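First the structure, in the form of structure tokens, and then the observations on it.
FYI, it's all coordinate maths here, none of it is from the lab. Values in this document were obtained by computation on a predicted structure and should not be read as measured data. With ideal geometry, Cβ positions are generated from the backbone for all residues, glycine too; neighbour counts draw on all protein chains shown.
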């Protein structure tokens with residue numbers, strides 16, 4: 001969980017600043033995603049896909065709730 005100070009600093013960022021930060025973090029983590037044998041790398045990406053799918057389901061569920069009468 002992020003601290004309230006960190007969350008506030010993210011809120012004050014412009015869209016461009018947040019995008020730059022996101023791209024920097026992706027670049028830094030990419031090298032770690034590719035470390036290990038083929039099976040290890042495959043499992044890392046499968047986990048990443050499962051986590052993303054779960055987040056997408058949660059967001060779509062929340063959006064659907066806002067559209068209910």
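Dividing the helix sum by the residues of the chain, where each DSSP H run of 4 or more adds -39500 (n - 2.57), gives a mean residue ellipticity at 222 nm of -28000 deg cm²/dmol. At an R0 of 22 angstrom, the distance between the Cβ atoms of residue 48 and residue 6 translates into a FRET efficiency of 0.45. Computed across the chain, the Kirkwood radius stands at 15.1 Å (inverse of mean 1/r, all Cα pairs).
Compared with the direct C-alpha span, the chain from residue 30 to residue 17 gains 2.7 nm at full extension, assuming 0.36 nm per residue.
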